[in-house]
Amino acid sequence: MADSTTPRPRRGRPRLVDRDRIIAAAKTLDPSTLTMQALAEAMGVDRKTLHYHVENRESLLRLTAADAFKDAVAVHSFVPTEDWRDCVRSFATITREAVITAGAWASYVAFDGADDLEAVRPAEIAAEALVKAGLSEQSAGRVVATLAVLAFASARDLSASPLDRHPQEPVLQRALEHEAGGQFALIRRLVGSGAASLGSEAQFTFELDLVLLGVERMLEIDQEPVS
């Protein structure tokens, strides 16, 4: 006869695994080759245990990437100022540095839950500053979207390996070396100097300045009297 005093195992959430441990373990793996099975093996648990917390590989990637990006943003202190330019520059710079820090995970960022939304606070602050300066909400949203694209592209160009970088500049440089007659002299000098190196700090600053000049002109147009 079975001992009725022996406690029976209770049904419920599997032990040894929770959301934080799953994310921490996933961050140690390559997202491009990450699978539920690979993560289960790395954690020393059954794959069914992971499925209790994470539905599939796609949700695992989104969950881990959002957390990685949120942590990368959180290390930066973003204090709003009265100058919308400062807010915009801070947002763009923080986003670029967060993408660099998040590394390969940045390609999978998607915010699924309220816990991840703190990462978009710099965007909210920048958009609010632009609206306060005089832009419409729609225009402010477009400016913030433009800055996000700029920051992501710059970070990825900077972080890319030589084999993954855009081949245009070295190809163009080789073609110019074989061009006779002194044609394209200015382009030859510019390419050789690396003045427009994709992903460089100088190029990012230049592109950001262009956006700011564009916003300044938009504000001027909105304030011009209608004749």
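The values are calculated or read from the model by the stated rules, or taken from the named source; none is laboratory data. Since we're looking at a predicted model, the values are computed, not measured. Because the Cβ atoms are built from the backbone with ideal geometry, glycine has one as well, and the counts that use them run over all protein chains shown.
Take Val99 and decide whether it is crowded, with 16+ Cβ neighbours inside 10 Å, in contact with a helix residue (DSSP H, G or I) (Cβ under 9 Å, 6 or more places away or on another chain) and not in a helix (DSSP H, G or I). So Val99 fails the test. Within segment 155-190, the residues that satisfy the criterion of being modelled with pLDDT of 70 or more and aliphatic (A, V, I, L, M) are Ala155, Leu158, Val171, Leu172, Ala175, Leu176, Ala185, Leu186, Ile187, Leu190. The numbered conditions (1) within 29 Å of Arg217 (Cα to Cα); (2) of a type in the set (Phe, Trp, Tyr); (3) outside the structural domain of Met218 (by TED's automatic domain parsing) are all true for Trp84 except (3).
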